[in-house]
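Here is the structure we will look at, set down as structure tokens.
The values are calculated or read from the model by the stated rules, or taken from the named source; none is laboratory data. Since the structure is predicted, the reported quantities are computational estimates derived from the model, not experimental observations. Here Cβ is always computed from backbone atoms with ideal geometry, including for glycine, and neighbour counts include all displayed protein chains. To get the accessible areas, we keep the full protein, side chains included, count just its heavy atoms, and leave off ligands, DNA and RNA. Shrake-Rupley method; radii C 1.70, N 1.55, O 1.52, S 1.80 Å.
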Amino acid sequence: PAQMMAMPAVAPAAAPVAAAPAAAASDPVGPTVNSPMVGTFYRSAAPGEKSFINVGDSVDENTTVCIIEAMKVMNEIKAEARGTIARVLVEDGKPVQYGQPLFELKA
């Protein structure tokens with residue numbers, strides 16, 4: 001119980017602080033892939049499996065870039081843009097908010 005209480009207290013406080021400078025820094029570099037929902041961000045289909053994408057990978061509109069778990073449903077998130085992954089802006093397993101930048105692209 002103490003661990004469950006500690007994680008939510010740390011994660012929401014850390015996520016906006018970490019995301020705000022990253023989002024501001026990414027504006028002049030290129031577009032971002034944003035979260036279409038509130039949920040938990042996962043870079044791979046299961047723990048220990050290969051990430052869907054990594055820095056330097058090329059993506060297009062139909063490339064699956066991550067999974068967001070919302071209400072026990074795993075939702076595959078597509079890039080919806082063309083480019084190369086420049087930066088991953090969210091840590092694996094962390095909560096994300098609607099519209100939060102997840103990845104930074106180089107066009």
Pair-distance profile P(r), taking every C-alpha pair of segment 32-107, with 10 angstrom steps and integer %: 22, 58, 20, 0
Area of Tyr42 that stays accessible when all protein chains are in place (1.4 Å probe, Å², to 10): 70 Å²
Extension gain (nm, one decimal) between Asn54 and Met74, 0.36 nm per residue minus Cα-Cα: 5.2 nm
Within segment 36-103, GluC sites (Glu not before Pro) in DSSP loop having at most 10 other beta-carbon neighbours inside 10 Å: Glu49, Glu61
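Would you check segment 24-107 for Lys pairs whose C-alpha atoms are within less than 18 Å, ignoring same-chain pairs closer than 8 in sequence, and give me the count?
4
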